[in-house]
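Peer 1: Sending over a structure as structure tokens; questions will come in a sec.
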Amino acid sequence: KSGIESLDQIIHGFDEQTVTIIAGRPSMGKTALGLNLALNIAKQGFRVPFFSLEMSFNQLVRRLLAINHGIEISQFRKPGFYTDHKDKFKETFKLIKDETLIIDDYSNRLGDIVSKIKFYKTKYDIGAVVIDYLQLMRYYNNSRSREQEVAYISSIIKNEIAKELNITVIALSQLSRGVERNAGCRPMLSNLRESGEIEQAADAVVFVYRPEYYDIIAD
């Protein structure tokens, strides 16, 4: 289960050998949702590597603490905040220390990430992987355009990670600026398609959409 009831009612949780794309424009909350899903899956007893190609380990830990304990992220800037609340954070720190939730903030090449996932699968029999986010991954081949490169990366994620290793992959993806030309700025698959035919490798696509970001009143 995703741990988010309204989402589970739609996608009915995550199956093995599947790729779920979490897509949205910047500042829509993709990373927060990805961390939330990783945390919820880890709490169910599955080991989950979270590959961050954008944020540092410390940034991610602060976000995890905020999500898991209902704390505003700005609170962590207060002097002594960690010390004053260290007992409250034990559950989250234990998930990280025990490597139930594995945070990797220093891999961005496709080959390195695939190798690490295979290592974790052998060592821990992981149940899911979260990647944040696809467009920051690199596969060095000068003969490919960037769109071809992302399409190739998506194919490898589907075939060599999800299918071959029998795990679920949750991959975050940036959407094109074309979203802002849509009615109500609502994301569509065509906006994802412009990012390298990612939808061809996806079993499900979940769009993160905050209408208030565009000064639109949600209906």
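The values are calculated or read from the model by the stated rules, or taken from the named source; none is laboratory data. What you see is a predicted model; the values in this text were computed from it and never measured. For neighbour counting, all protein chains shown are included, and Cβ atoms are generated from backbone atoms with ideal geometry for every residue, glycine included. The accessibility values were calculated without ligands, DNA or RNA, using every heavy atom of the protein model including side chains. Shrake-Rupley method; radii C 1.70, N 1.55, O 1.52, S 1.80 Å.
Yes/no matrix, rows are residues, columns are (1) at pLDDT below 75; (2) under 26 Å from Ile10 (Cβ atoms); (3) open to solvent by 20 Å² or more (accessible area, probe 1.4 Å); (4) in contact with a Pro (Cβ under 8 Å, 6 or more places away or on another chain):
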{"residue": "Gln148", "(1), (2), (3), (4)": "no, no, yes, no"}
{"residue": "Asn159", "(1), (2), (3), (4)": "no, yes, yes, no"}
{"residue": "Ile170", "(1), (2), (3), (4)": "no, yes, no, no"}
{"residue": "Leu189", "(1), (2), (3), (4)": "no, yes, yes, no"}
{"residue": "Tyr213", "(1), (2), (3), (4)": "yes, yes, yes, no"}
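Peer 1: Can you say whether Ile96 is crowded, with 21+ Cβ neighbours inside 10 Å, in contact with a strand residue (DSSP E or B) (Cβ under 7 Å, 6 or more places away or on another chain) and either farther than 25 Å from Gly70 by Cα or not acidic (Asp, Glu) (or both), as far as the supplied structure shows?
Peer 2: When the stated conditions are applied, Ile96 does not pass them.
Peer 1: Another question, then. Anything in segment 39-75 that is of a type outside the set (S, T, N, Q), under 26 Å from Asp112 (Cα atoms) and open to solvent by less than 30 Å² (accessible area, probe 1.4 Å)? List them, or say none.
Peer 2: Selection gives Leu39, Ile41, Ala42, Val48, Pro49, Phe50, Phe51, Leu60, Val61, Leu64.
Peer 1: Return the pair list, or none, for Cβ contacts closer than 8 Å from residues in segment 1-12 that are polar (S, T, N, Q) to residues that are open to solvent by less than 100 Å² (accessible area, probe 1.4 Å), at least 6 apart or on different chains.
Peer 2: Here the result reads Ser2/Asp8; Ser2/Ile11; Ser2/Gly13; Ser2/Phe14; Ser2/Leu37; Ser2/Asn40; Ser2/Ile41, each pair linking segment 1-12 to a residue that is open to solvent by less than 100 Å² (accessible area, probe 1.4 Å).
Peer 1: Looking at segment 8-24, can you tell me whether even one residue there is open to solvent by 30 Å² or more (accessible area, probe 1.4 Å), among the hydrophobic types (A, V, I, L, M, F, W, C) and closer than 30 Å to Arg138 by Cα?
Peer 2: Looking for residues that are open to solvent by 30 Å² or more (accessible area, probe 1.4 Å), among the hydrophobic types (A, V, I, L, M, F, W, C) and closer than 30 Å to Arg138 by Cα, one finds at least one in segment 8-24, hence yes.
Peer 1: Also, quick follow-up: Could you list all residues from segment 43-64 that are among the aliphatic types (A, V, I, L, M) and without any contact (Cβ under 8 Å) to a residue 40 or more places away in the chain?
Peer 2: Correct list: Leu64 only.
Peer 1: Which of the numbered conditions does Ser155 fail, given that it passes all the others? Conditions: (1) modelled with pLDDT under 85; (2) open to solvent by 30 Å² or more (accessible area, probe 1.4 Å); (3) out of contact with any Ser or Thr (no Cβ under 7 Å at 6 or more places or on another chain); (4) not charged (D, E, K, R).
Peer 2: Going through the list (1) modelled with pLDDT under 85; (2) open to solvent by 30 Å² or more (accessible area, probe 1.4 Å); (3) out of contact with any Ser or Thr (no Cβ under 7 Å at 6 or more places or on another chain); (4) not charged (D, E, K, R), Ser155 breaks only (1).
Peer 1: Scan segment 117-146 for residues that are under 16 Å from Ile170 (Cβ atoms) and either among the hydrophobic types (A, V, I, L, M, F, W, C) or open to solvent by 50 Å² or more (accessible area, probe 1.4 Å) (or both) and report the count.
Peer 2: Residues flagged as under 16 Å from Ile170 (Cβ atoms) and either among the hydrophobic types (A, V, I, L, M, F, W, C) or open to solvent by 50 Å² or more (accessible area, probe 1.4 Å) (or both) within segment 117-146 amount to 9.
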